[in-house]
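The block underneath contains the structure these notes are about, expressed in structure tokens.
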Amino acid sequence: MKTRHVNIPVFIPHLGCPNDCVFCNQRIISGVNEFSAESVIPIIESSLSTIDSDTDAEIAFFGGSFTGIDINLMENLLKIANSYLIQGRISSIRCSTRPDYINDEILDILKHYGVTTVELGIQSVSDKVLLASRRGHGFDSAREACLKIKSHDFKLGGQMMIGLPGASIDDEVATAEFILSVGADEARIYPTIVFRGTELCKMTESKKYVPITLDDAVVRSAKAFEVFIKAGVKVLRIGLCDSENLHSDSTYYAGPNHAAIGELVESEYYYGRIVKLLADSNKENYSDLILNVAKGHTSRVIGQHKKNKIRLLQEHGIKTLKVVEKDEIIPYDVFLKAEERKQNVFKIT
């Protein structure tokens, strides 16, 4: 049995996408300036050489809009990936694309070459936000694309953004709920970063757009994260992959840029769940509090620089706090009990 999963990313920056969303600069985001089909096999081979035999490997065509590139190029890339699938050197193939580049013919081609997961850049369910972001399509396109992908028996990944122009936290929660409602199997949450060379950068310079702060991004992302976690939908990533481009003044301009934003969001989610549980139970029983959590989740529960622990002690009348990891507890579940009283256990719902 394979013990872990890794993606072998093949980035195709901005190929096949004539649209320029205000936030987009795939060359900066992916760190890939040019694309050559001849480089794909060396990329895959190099990655496979570092992967153990007990690892579940997947080729992932990311960046740009994979199903919008020239169809001959797309099929050639799929043939390469499929050859590794046939050899048993990988177990699956995925791609990411836009809602307006999905149709029955495209999905039949993807199915033929063994693609199992299609990730869709939904970004927002608000037509107002999509228009302000110059997304180039409305919400109806996203809904139709999701339904088509699921009707062709693909796994669906929904990608959404936090803090887009004109977006509210209600818009973002609604987007997460939509992704859930169409049967998505996975999700990604991306707080909006302002990169140089984008229309969003110009909008920021002219004060037409104000980037959200890191604290706002964490709180708003945690609300979307909660929607997915409650429903058992796996969140593959929160925030862009940390890279030099996120720290260089020549590429990064503004926005909630933090190397560990995913862990910050998970910690905020834990804090909200614990506070809710305290409110729903007899708070006086918890002056000395034990939190039972999943293996490996103590740091998320305590928070970076012990932020959650400090808030719980200062704001909720708790005198001592202890975190205990338990094998039987699943990630993101929490059980509370009072150390000096009966060990009543309350599960967060």
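The values are calculated or read from the model by the stated rules, or taken from the named source; none is laboratory data. From a predicted model like this one, the values you see are computed outputs, not experimental measurements. Cβ coordinates were reconstructed from backbone atoms using ideal geometry, including for glycine residues, and neighbour counts include every protein chain displayed.
Selection within the stretch 100-130: residues that are under 17 Å from the mean Cα position of the chain (by Cα) and of a type outside the set (S, T, Y). The member of this set that is farthest from V10 (Cα to Cα) is V125.
Of the candidates L246, L214, the single residue that is surrounded by 14 or more Cβ atoms within 10 Å (Cβ to Cβ), at pLDDT 90 or above and either closer than 28 Å to R196 by Cβ or of a type in the set (A, V, I, L, M) (or both) is L214. All conditions in (1) in contact with a strand residue (DSSP E or B) (Cβ under 9 Å, 6 or more places away or on another chain); (2) without any contact (Cβ under 8 Å) to a residue 12 or more places away in the chain hold for H247, with the sole exception of (1). Which one of A187, A142 is crowded, with 23+ Cβ neighbours inside 10 Å, in contact with a helix residue (DSSP H, G or I) (Cβ under 6 Å, 6 or more places away or on another chain) and not in a helix (DSSP H, G or I)? Going through A187, A142 in turn, the sole match is A187. When the stretch 77-111 is filtered for residues that are without any contact (Cβ under 8 Å) to a residue 12 or more places away in the chain and farther than 27 Å from E45 by Cα, only E105 remains. For the stretch 61-88, taking the residues that are among the polar types (S, T, N, Q) and crowded, with 21+ Cβ neighbours inside 10 Å, the one that is farthest from C21 (Cα to Cα) is identified as T67. The lone criterion from (1) farther than 26 Å from V210 by Cα; (2) part of a helix (DSSP H, G or I); (3) not aliphatic (A, V, I, L, M) left unmet by K128 is number (1). The condition of being at pLDDT 95 or above, surrounded by fewer than 19 Cβ atoms within 10 Å (Cβ to Cβ) and more than 13 Å from L120 (Cα to Cα) holds for only one of S36, S46, that being S46.
Taking the stretch 119-150 as the range and being aliphatic (A, V, I, L, M) and touching a residue at least 40 places away in the same chain (Cβ under 8 Å) as the test, the residues that pass are I122, V125, V129, A132, A142, A145, I149. Residues in the stretch 161-184 that are under 28 Å from L214 (Cα atoms) and surrounded by fewer than 23 Cβ atoms within 10 Å (Cβ to Cβ): P165, G166, S168, I169, D170, D171, V173, A174, E177, F178, L180.
Scanning the stretch 259-273 for residues that are out of contact with any His (no Cβ under 9 Å at 6 or more places or on another chain), assigned to a helix (DSSP H, G or I) and of a type outside the set (D, E, K, R) returns I261, G262, V265, S267, Y269, Y271, G272.
Taking the stated definitions as given, is L147 out of contact with any Pro (no Cβ under 6 Å at 6 or more places or on another chain), aliphatic (A, V, I, L, M), closer than 23 Å to V227 by Cβ and surrounded by fewer than 20 Cβ atoms within 10 Å (Cβ to Cβ)? Yes, satisfied. Within the stretch 100-112, restricting attention to residues that are of a type outside the set (D, E, K, R) and buried (at least 18 other Cβ atoms within 10 Å of the Cβ), which residue is modelled with the lowest pLDDT? It comes out as Y101.
Scanning the stretch 113-125 for residues that are in a strand (DSSP E or B) and either surrounded by fewer than 19 Cβ atoms within 10 Å (Cβ to Cβ) or not assigned by TED's automatic domain parsing to the domain that holds M74 (or both) yields a single hit, T116.
Condition check ((1) farther than 20 Å from V233 by Cβ; (2) touching a Cys at 6+ places or on another chain (Cβ under 7 Å); (3) exposed (fewer than 13 other Cβ atoms within 10 Å of the Cβ)) across all residues:
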| site | (1), (2), (3) |
| --- | --- |
| Y270 | no, no, no |
| V275 | yes, no, no |
| A279 | yes, no, yes |
| S299 | yes, no, no |
| N308 | yes, no, no |
| D327 | yes, no, yes |
| Y332 | no, no, no |
| F335 | yes, no, no |
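Does D100 fit the bill of being over 23 Å from I238 (Cα atoms) and in a helix (DSSP H, G or I)? So D100 passes the test.
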